[in-house]
Amino acid sequence: MTDEQAASDPEQERALGKMSFMEHLGELRTRIVWALGSAAVGLVIAFFVTDPAMRFISRPLAKMHTELVFTSPTEAFWTWMKVAMVLAIFISMPAILYQVWKFVSPGLHAHEKKYAAPFIIVGSLLFLIGGAFAMLVIIPYASNFLVTFGQEKGWKPMITVANYTDFVIKFALAFGIVFELPVVITVLALIGVVTPQFLAKNRKYAILINFIIAAVLTPTPDMINQTLMAGPLCILYEVGIICARLAVRKRKAQAPPPETAATS
């Protein structure tokens, strides 16, 4: 009876590798639903801070005496809602990462599950830092470069609030996600998908990929703006290798000894 009760626990079954592919998908769906519910709660909170966030977002243009305009009756409203939804993601990130942890934790040893709090705290902080880096460094520089470039050509800027907000959101989310790189690398190393040696050996390819990503995502063609994205990516990759080495080393040190055969 006890064995049947233990086997009926979905999390324990996943840890033992007994769940089927469809059951894994069902567990993934459950975690996604809980994450969406957390984002919905974050959206309610975001409604109270969206107006100051919109003023903060438009500061780079305000310094250049460029006003945002809207060209359809619904544009302003839906842009405001879009900013609120992005803020909801940032607000609910700890809860979202908790659901991610709940999904991957059955694949870890019992002594490794205590890393839940560091994973959630560090992951949330890195996501916020990435978004802040984009808002405070990348977006002001890129906005100034692009608007000034057009003005020097004799063109008058008439930037819509929807286009500019999409421009800002793209970089805030992109940098928030890429700043999660050390956490992602550490988790992948813990569950055995990658090894620190593999990551270090392929460092040169990672640097090349980082610069390609930066070239695609950055809005300006100059090397300065590209390096502002590729530089942090390379640093975060190195931090991820260090964290992966520490995590794997600690895992080996704390791994339970192999079971010995019972002696008669």
Long-range HN-HN contacts of Leu68 with modeled amide H, under 5 Å: none
In Å², nearest 10: area of Tyr205 left accessible to a 1.4 Å probe: 120
Given Lys170/Lys204; Lys82/Lys102; Lys63/Lys204; Lys82/Lys204; Lys82/Lys156; Lys102/Lys170, the pairs whose alpha carbons are separated by over 31 Å: Lys63/Lys204; Lys82/Lys204
Pairwise label distance in nanometres, Thr148 with Val104, each label 7 Å out on the Cα-Cβ vector: 4.1
Over the range 26-94: Kirkwood hydrodynamic radius from C-alpha pairwise inverse distances, Å: 13.6
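The values are calculated or read from the model by the stated rules, or taken from the named source; none is laboratory data. Quick caveat: nothing in here was measured; it's all calculated off a predicted structure. We place every Cβ from the backbone using ideal geometry, glycine too, and count neighbours over all the protein chains shown. Heads up: the accessible areas ignore ligands, DNA and RNA and are worked out on the full protein's heavy atoms, side chains in. Shrake-Rupley method; radii C 1.70, N 1.55, O 1.52, S 1.80 Å.
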